[in-house]
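Peer 1: Provided herewith is a single structure, encoded as structure tokens, for subsequent inquiry.
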Amino acid sequence: MNHYHITSEEQYRKAYKESVKNPADFWSDIATNFKWRKKWDSVLEYDFSIPEIAWFKGAQLNITENCIDRHLPERGTKTALLFEPNNPNEPAQHITYQELHDKVCQMANVLKQKGVKKGDRICLYLPMIPELAIAILACARIGAIHSVVFAGFSAVALAARINDSNCSIVITSDGAFRGNKTINLKEIVDKALQECKSVRTVLLVNRINNNCSITDGRDEWLQPLLDTAETSCVPEIMNAEDPLFILYTSGSTGTPKGMVHTTAGYMVYSAFTFKNVFQYEEDDVYWCTADIGWITGHSYIVYGPLANGATSVLFEGVPSYPDYGRFWEIVQKHAVTLFYTAPTAIRALAKQGKEWTEKYNLSSLKTLGSVGEPINEEAWEWYDDHVGKNRCPIVDTWWQTETGGILISSLAGVTKQIPTFATLPMPGIQPCLMDDNGTEISFWKAEGRLCIKFPWPSIARTIWGNHERYKNTYFTAYTNTYFTGDGALRDADGNYRITGRVDDVVIVSGHNLGTAPIEDAINEHPMVAESALVGFPHDIKGNALYGFVTLKGGEGTAALKKEINALISEKIGPIAKLDKIQFTSGLPKTRSGKIMRRILRKIATNEIDALGDISTLLNPEVVEQIISEKK
Ligand code: WTA
């Protein structure tokens, strides 16, 4: 039986059982819903010890044929992308599947003219405008590997990402509109490119009409090139395991990890989960508020929805502009049916009171989704009461950049929802909990480290240029198992509740921030000797960052705090700024000199009674001092 659309709890149970008993049959059935140029020779070959994972080996396809061309006969005039600009007075754009086809082909032809070949890396540093989605698809059309860098990252962070994967072309814009701000993206790119030797061409979208500087021989406006380009482009035939994109995520050391996703498995899984988690139907208007610069935007604004022939809303702005009613105004204006956002946005909007949700007609909504961080009970209730009016199922979707698609979530209105629980694994996903000794916990009701025992089609295949790091980060903590970095609780019925990261990653406003690169940035300040960062609870952001900083000399003034945050903005981006900075005379360390972040985390969260034994530290006296000086 083909389980592409699961419509009852009973069918979910059956599909799940089959997917575990016979993964190859299960996924080859699902894969028949797509357009292949050549069928696969084997469904899955893998060995987690190397690790090597191949899905649909031998198959050939082009993902854009699946996301665009195959819809044209029936959906040529249907809106594929619905663009809502930052400024509510600027008209929305409805880009049909036929128009999307033509625009993607034009952009693909421009890239080809610029010498781009299959396998080349193209960096996209763009605001949330249609050109970003189009550029992604244009790369995929010709087999180039896109590397989208979130346009909130600084020049230094952008340069590091461009250099890591040796991108030859950057597609960017003169600037970006964001709420009442205008951001000069091109200036950031110019600064970054001083450090990037591999980039030979910069293609520029004119978004804000400013007179940005143009470097002759390198920079070119995109529109004139697009205007003369052909609206058809033969898709490059890709092998199932050819890389589709690189997306950087933070890690426990300074350098970001370029997660590599490949073509066939990623397509099948992102499309399958989109369909089932949201229970997508043909007439839905679907809106995911994430930025395409993160994995959520890749899988659930672009690829997953388009592979299903959906209408996907792309919003350029922010929830607070021109006022706190903007999200709800957009829901009303476009009669959005499926709405997917992050807990941090829900908490920020809940704080503004219910007048905003009441001002607009939200009756089009059918399903609500949450992603990016644990959703607390209060935020869940507010979302349910004021947005869903207690009649829309809420799906709490747990997943990661590395997983490519949603791994644990309820299916809207089909399987049971439990506030604060992501609930049950998708078909094909085999989660398990590990105890402190590294042994799998065999009983249901338990808490432990969340791992996945078996590959799924959209698991990242490697870290660009560093397979060893991929292996060490995800496959060495436990044998033959993917380690997620998250902790989780499981109830007696097998429902999962994610409790948060168990490593040095802090999720701030749903953004995945590694502490190491931020500490590296702080340590570059000439007055700073050492620093350690931890997360602490924040009522809107979920977590905020607390920095403990020791100085080489001089005084820890308010001005110095500002300088430190300015340095972080410059090296990484404003999203990584610290909420609290405490200057201390020392940091707690083990006898071997390792900073004990666990203790600092307890201090930052005011769990001073739970510090545990500190007598084995090299310098237990600093702990007392840090506690007494904490404001
Ligand atoms: C966290 C975002 C609880 C988790 C898709 C994970 C969540 C990290 C949830 C990945 C959720 C994501 N409930 N925690 N529903 N969704 N997380 O790579 O800690 O940006 O490991 O991917 O976000 O963040 P990333």
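The values are calculated or read from the model by the stated rules, or taken from the named source; none is laboratory data. As the structure is a prediction and not an experimental result, all values here were calculated from the model. Positions of Cβ are backbone-derived with ideal geometry, glycine not excepted, and every protein chain shown enters the neighbour counts. Just the protein is used for accessible areas: all its heavy atoms, side chains included, with ligands, DNA and RNA removed. Shrake-Rupley method; radii C 1.70, N 1.55, O 1.52, S 1.80 Å.
Peer 1: Please verify whether the range 206-227 includes one or more residues that are open to solvent by 70 Å² or more (accessible area, probe 1.4 Å) and charged (D, E, K, R).
Peer 2: Within the range 206-227 (the criterion being open to solvent by 70 Å² or more (accessible area, probe 1.4 Å) and charged (D, E, K, R)), the answer is yes, since at least one residue qualifies.
Peer 1: Of the conditions (1) under 30 Å from Val268 (Cα atoms); (2) open to solvent by less than 40 Å² (accessible area, probe 1.4 Å), Gln417 clears all except one; give me its number.
Peer 2: If we test Gln417 against (1) under 30 Å from Val268 (Cα atoms); (2) open to solvent by less than 40 Å² (accessible area, probe 1.4 Å), just (2) comes out false.
Peer 1: Right, next: So, Glu241, is that one modelled with pLDDT of 95 or more and more than 22 Å from the chain's Cα centre (by Cα) or not? Give the derivation first.
Peer 2: Values: modelled with pLDDT of 95 or more: yes; more than 22 Å from the chain's Cα centre (by Cα): no.
The answer is no for Glu241.
Peer 1: Of the conditions (1) among the aromatic types (Phe, Trp, Tyr); (2) outside the structural domain of Gly143 (by TED's automatic domain parsing); (3) away from the ligand (no atom under 16 Å from the Cβ), Phe278 fails just one. Which one is it?
Peer 2: Evaluating Phe278 over (1) among the aromatic types (Phe, Trp, Tyr); (2) outside the structural domain of Gly143 (by TED's automatic domain parsing); (3) away from the ligand (no atom under 16 Å from the Cβ) leaves (3) as the failure.
Peer 1: Okay, next question. On the given criteria, is Lys39 free of Cβ contacts under 8 Å to residues at least 12 places away in the same chain and open to solvent by 70 Å² or more (accessible area, probe 1.4 Å)? Steps first, please.
Peer 2: Details: free of Cβ contacts under 8 Å to residues at least 12 places away in the same chain: no; open to solvent by 70 Å² or more (accessible area, probe 1.4 Å): yes.
Spelling it out, it is not the case that Lys39 is free of Cβ contacts under 8 Å to residues at least 12 places away in the same chain and open to solvent by 70 Å² or more (accessible area, probe 1.4 Å).
Peer 1: Identify all residues within the range 481-509 that are crowded, with 19+ Cβ neighbours inside 10 Å and near the ligand (Cβ under 8 Å from one of its atoms); write none if there are none.
Peer 2: Thr484, Gly485, Asp486, Ile498, Val505, Ile507
Peer 1: Kindly evaluate Ala532 against the criterion of being away from the ligand (no atom under 14 Å from the Cβ), under 30 Å from Asp291 (Cα atoms), touching a residue at least 24 places away in the same chain (Cβ under 8 Å) and crowded, with 19+ Cβ neighbours inside 10 Å.
Peer 2: Numbers: away from the ligand (no atom under 14 Å from the Cβ): yes; under 30 Å from Asp291 (Cα atoms): yes; touching a residue at least 24 places away in the same chain (Cβ under 8 Å): yes; crowded, with 19+ Cβ neighbours inside 10 Å: yes.
Spelling it out, Ala532 is indeed away from the ligand (no atom under 14 Å from the Cβ), under 30 Å from Asp291 (Cα atoms), touching a residue at least 24 places away in the same chain (Cβ under 8 Å) and crowded, with 19+ Cβ neighbours inside 10 Å.
Peer 1: If you check every pair at least six apart or on different chains, which have Cβ atoms under 6 Å apart with a residue in the range 307-333 that is closer than 17 Å to Thr367 by Cα first and a residue that is among the β-branched types (Val, Ile, Thr) second?
Peer 2: Once the first residue is closer than 17 Å to Thr367 by Cα and sits in the range 307-333, its partners that are among the β-branched types (Val, Ile, Thr) give Thr311/Thr79; Thr311/Val285; Ser312/Ile301; Trp328/Thr357.
Peer 1: What residue, among those in the range 424-442 that are within 14 Å of the ligand (Cβ to nearest atom) and farther than 18 Å from Gly485 by Cα, is most open to solvent (accessible area, probe 1.4 Å)?
Peer 2: Taking the candidates together, the pick is Leu424.
Peer 1: Return the residue satisfying two criteria in turn: it lies in the range 378-410 and is among the charged types (D, E, K, R) and more than 13 Å from the ligand (Cβ to nearest atom), and of such residues it is surrounded by the most Cβ atoms within 10 Å (Cβ to Cβ). Steps first, answer last, please.
Peer 2: Taking the range 378-410 and keeping what is among the charged types (D, E, K, R), we get 378, 381, 384-385, 389, 391, 396, 402.
In the following step, the residues that additionally are more than 13 Å from the ligand (Cβ to nearest atom) were identified as 378, 381, 384-385, 389, 391.
On the way: Glu378: 15, Glu381: 13, Asp384: 18, Asp385: 13, Lys389: 12, Arg391: 9.
Here the residue is Asp384.
Peer 1: Filter the range 152-187 down to the residues that are out of contact with any Leu (no Cβ under 8 Å at 6 or more places or on another chain), within 30 Å of Asn89 (Cβ to Cβ) and part of a loop (DSSP other than H, G, I, E, B) and list them by number.
Peer 2: Gly152, Phe153, Gly179, Asn180, Asn184
Peer 1: Out of Ala15, Ala54, Ala108, report the one residue that is among the aliphatic types (A, V, I, L, M) and either assigned to a loop (DSSP other than H, G, I, E, B) or within 22 Å of Val277 (Cα to Cα) (or both).
Peer 2: Values: Ala54 fails: either assigned to a loop (DSSP other than H, G, I, E, B) or within 22 Å of Val277 (Cα to Cα) (or both); Ala108 fails: either assigned to a loop (DSSP other than H, G, I, E, B) or within 22 Å of Val277 (Cα to Cα) (or both).
Matching residue, one of Ala15, Ala54, Ala108: Ala15.
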